[in-house]
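Here is the structure we will look at.
Nothing in this text is a laboratory measurement; each read-out follows from the coordinates by a stated rule. Treat the numbers as computed from the prediction; the structure is a model and nothing was measured. Using ideal geometry, Cβ is built from the backbone for each residue, glycine included, and neighbour counts are taken over all protein chains shown.
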Amino acid sequence: MATPDVTALQRSDLNQFLFADIGTEANGTTLSVMSVFARRGSDPWTEAGRLAGLPKAEAADSLARMIATMPKTLWALPEAIIISGRLIGLLPARPIVGISQIAHRWPTNQIALVCACIALVAAFAVMMLHQ
């Protein structure tokens, strides 16, 4: 069973994708991306975040396979690929991992501690060279 994410509704960057319509099911109800993830037992925001982190082609392929393999699906894989291509365009852009993003993961006090350790090692090395 999926664990609920209490901050999920605040992540509006994923909501446009999650609430997007896939199509109408045989019983007349509209199927959303969120419904597909929920029926699979996945947390919708976690799954959308995972797809957002993938290259677009890989994300579209993954979503298409989910749509095509649902029980009683109306969409074969070729149709699901077309649908997923449209839907993946609604995901936010993949983040570029750089030094600034890595630095944001560490609290300031940890960064200061690492810098202090590097300074101490450098000072020790300079003292050793002068002797």
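Numbers below:
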| read-out | value |
| --- | --- |
| Test: residue in segment 68-85 that is closer than 19 Å to Asp13 by Cβ and not aliphatic (A, V, I, L, M) | yes |
| Within segment 19-74, tally of residues that are more than 13 Å from Leu91 (Cβ to Cβ), out of contact with any Pro (no Cβ under 7 Å at 6 or more places or on another chain) and assigned to a helix (DSSP H, G or I) | 10 |
